[in-house]
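Notes follow the structure.
The values are calculated or read from the model by the stated rules, or taken from the named source; none is laboratory data. Keep in mind that what you see is a predicted model, and the values were worked out from it rather than measured. Here the Cβ positions follow ideal geometry from the backbone for every residue, glycine too, while neighbour counts run over all protein chains shown. Side chains are part of the model used for accessible areas, which takes the heavy atoms of the whole protein and leaves out ligands, DNA and RNA. Shrake-Rupley method; radii C 1.70, N 1.55, O 1.52, S 1.80 Å.
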Amino acid sequence: MTKPPIELTGIRKAFGALEVLRGVDLSVERGEVVVLMGPSGSGKTTLVRCMNLLEEPDSGHVRICDCAFSCGTRSDRRGRARLMQRARQQTGMVFQQFNLFPHMTALGNVIEGPRQVRNLPMAEAVALGERLLDRVGLVDKRDVHPSRLSGGQKQRVAIARALAMEPEVVLFDEPTSALDPELHAEVLEVIQELAGDGMTMVIVTHETHFAREVADRIVFMDGGVVVEEATAEAFFTRPSKERVRTFLRLVDHSGALVDAPAPRVGEEAV
Amino acid sequence: MDMLADSFPMLLRGLGITLLLGVVSFVLGSGLGALVALARISAFRVLRGAAIMFVSVFRGTPLLIQIMIIYFGLPQLGVQLEPVPSAILALSLFAAAYLSENFRGGILGVDKGQWEAASSIGMPYWRTFRRIIFPQAIRIATPAVGGRFIALMKDTSLASVVTVVELTRVAESIGNANFRYMEAFLMIGALYWLINTLLSVGQGMLERRLGKAYA
Ligand SMILES: Nc1ncnc2c1ncn2[C@@H]1O[C@H](COP(=O)(O)OP(=O)(O)OP(=O)(O)O)[C@@H](O)[C@H]1O
Ligand SMILES: [Mg+2]
């Protein structure tokens with residue numbers, strides 16, 4: 001049995017007085033697709049950011065592949081920084097706002113990690129970059145800067161950039177939330193293909209249809225703790241907690257989260 | 001017209017000295033300003049404090065006083081500088097204080113998602129700065145830095161008080177020679193204006209080129 005590529009135990013994180021994560025245990029198995037759901041402010045973003053240490057927990061243990069961290073201990077800053085870099089090379093991250101490098105072309109974005117971090121020779125990096133751009137359907141955009149790409153295309157380049165590090169795990173934080181609805185499908189398809197190829201992934205999303213199709217397991221968070229964990233099928237058809245049932249009612253069928261549901265006349269009692 | 005012909009060699013020399021003061025101080029001030037900006041955003045408290053102090057002192061006192069302290073004051077401490085080096089030193093320090101703030105604004109103006117994207121692919125801090133942040137910060141800072149260069153060109157005129165024979169000093173001596181002060185200062189004023197118009201045009205071209213690199 002191999003160890004799970006991501007293992008979080010007893011994760012706590014506060015911003016000032018606000019306790020955002022209050023003791024989370026979660027591991028992600030190799031090849032597994034975990035979807036994180038939960039209401040706004042429940043700590044989903046903070047939790048995925050802990051999985052590559054963009055956010056450092058106040059306490060708890062984080063293991064990312066072969067890098068183990070005990071959080072909350074102030075020791076050996078340099079060794080820690082190096083370990084963090086290694087951990088981050090083994091996890092890809094796809095951001096809600098893409099965060100592409102605007103001064104580089106699509107190909108430039110994708111090969112930046114291979115060239116600068118993995119030290120691949122140029123020819124090899126370019127070949128890899130082209131292969132990945134082809135995989136996300138954008139090889140014809142290789143010399144285009146992000147400003148000339150649509151939101152969906154930007155996000156697909158960002159996925160290619162994350163894959164270029166050949167990570168063990170890819171983390172997605174609401175990859176379609178910044179996109180117009182008609183652009184969601186092209187991004188979700190790419191993610192679905194990755195799932196088909198056996199990529200280990202953690203995905204924060206409000207898209208229920210997509211979650212149901214792609215997830216092996218759904219983790220529902222509320223108030224900084226994991227409230228429910230179930231297979232996608234069980235989660236949507238027989239949620240055991242009232243909190244989850246309320247949430248699923250607020251998420252409409254297209255997957256958009258209704259932030260402040262206006263009670264319709266005659267429905268207040270629901 | 002006679003006056004122009006007679007003073008032409010002097011004028012040319014003055015122009016040369018003014019350009020020398022402006023360009024050299026800008027280059028030195030940029031280098032020092034970049035270091036001060038890095039100190040200002042560093043993780044080390046002592047460096048940050050020193051940078052804040054430096055900026056506060058050199059922005060909070062008149063350039064004229066700084067020039068006089070360096071030229072007339074330092075000899076008391078045994079440091080004697082020629083007029084031109086004195087002026088360049090003062091102008092560079094003064095420019096560095098302002099430029100460091102322009103650079104810092106450029107660096108802080110880069111979206112924090114850029115740092116995160118770079119560290120998410122495991123890029124170390126300095127490499128992230130060099131490859132990702134710096135090219136974008138330059139672009140954000142260019143208008144302010146260009147404005148500072150133009151201001152510096154005009155500030156070189158203060159070097160005249162420590163006997164540097166740059167354009168302003170040349171205007172004075174032309175005026176003293178024939179009492180045609182109006183013509184002398186108008187002519188010199190026009191020269192400053194010409195230099196700075198050219199600088200503005202250059203800046204516009206640079207900004208367009210930097211903009212093109214994104215599309
Ligand atoms: N850097 C920060 N500084 C202060 N507060 C923060 C910071 N990051 C997040 N928070 C707060 O922590 C709480 C949880 O944030 P988080 O982004 O993890 O929630 P989320 O579940 O991702 O929500 P959403 O669905 O809206 O994205 C929120 O109240 C948020 O305002
Ligand atoms: Mg979030």
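Quick rundown of the values:
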| quantity | calculated |
| --- | --- |
| Any hit, region A:34-51, residues being among the aliphatic types (A, V, I, L, M), under 14 Å from the mean Cα position of the chain (by Cα), within 11 Å of chain B (Cβ to nearest Cβ) and part of a strand (DSSP E or B) | no |
| Failed condition for A:Asp222, given (1) within 14 Å of chain B (Cβ to nearest Cβ); (2) among the acidic types (Asp, Glu); (3) within 16 Å of ligand 2 (Cβ to nearest atom) | (1) |
| Considering residues of region A:215-240 that are in a loop (DSSP other than H, G, I, E, B) and within 15 Å of ligand 1 (Cβ to nearest atom) only, the residue most open to solvent (accessible area, probe 1.4 Å) | A:Gly223 |
| Check on A:Arg12, within 16 Å of ligand 1 (Cβ to nearest atom), among the basic types (Lys, Arg) and assigned to a strand (DSSP E or B) | yes |
| Qualifying residue in region A:125-140 (condition: within 16 Å of ligand 1 (Cβ to nearest atom) and within 25 Å of A:Val28 (Cα to Cα)) | no |
| Hits in region A:23-45 - residues which are buried (at least 21 other Cβ atoms within 10 Å of the Cβ), within 19 Å of A:Pro175 (Cβ to Cβ) and either among the acidic types (Asp, Glu) or within 14 Å of ligand 1 (Cβ to nearest atom) (or both) | A:Val35, A:Leu36, A:Met37, A:Gly38, A:Ser42, A:Gly43, A:Lys44 |
| Residue count for region B:1-30, restricted to those that are of a type outside the set (D, E, K, R), free of Cβ contacts under 8 Å to residues at least 12 places away in the same chain and surrounded by 12 or more Cβ atoms within 10 Å (Cβ to Cβ) | 3 |
| Options A:Pro146, A:Pro181; residue that is crowded, with 21+ Cβ neighbours inside 10 Å, of a type outside the set (A, V, I, L, M), away from ligand 1 (no atom under 16 Å from the Cβ) and more than 24 Å from A:Gly43 (Cα to Cα) | A:Pro146 |
| Residues of region B:115-155 satisfying the condition of being within 7 Å of chain A (Cβ to nearest Cβ), part of a helix (DSSP H, G or I) and either touching a Cys at 6+ places or on another chain (Cβ under 7 Å) or open to solvent by 10 Å² or more (accessible area, probe 1.4 Å) (or both) | B:Glu116, B:Ser119, B:Arg127, B:Arg131, B:Pro135, B:Gln136 |
| Filter result (farther than 17 Å from A:Glu7 by Cβ, within 16 Å of ligand 1 (Cβ to nearest atom) and surrounded by fewer than 19 Cβ atoms within 10 Å (Cβ to Cβ)) within region A:46-76 | A:Asp58 |
| Lone unmet requirement of (1) within 14 Å of chain B (Cβ to nearest Cβ); (2) within 16 Å of ligand 1 (Cβ to nearest atom); (3) crowded, with 20+ Cβ neighbours inside 10 Å for A:Ala87 | (2) |
| Of all residues in region A:108-156 being closer than 19 Å to A:Gly92 by Cα and polar (S, T, N, Q), the one that is nearest to the other protein chains (Cβ to nearest Cβ) | A:Gln116 |
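Matching residues to (1) in contact with a strand residue (DSSP E or B) (Cβ under 9 Å, 6 or more places away or on another chain); (2) closer than 20 Å to A:Phe172 by Cα; (3) within 16 Å of ligand 2 (Cβ to nearest atom):
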position	(1), (2), (3)
A:His61	yes, no, no
A:Phe69	yes, no, no
A:Gln85	no, yes, no
A:Phe95	yes, yes, yes
A:Gly108	no, no, no
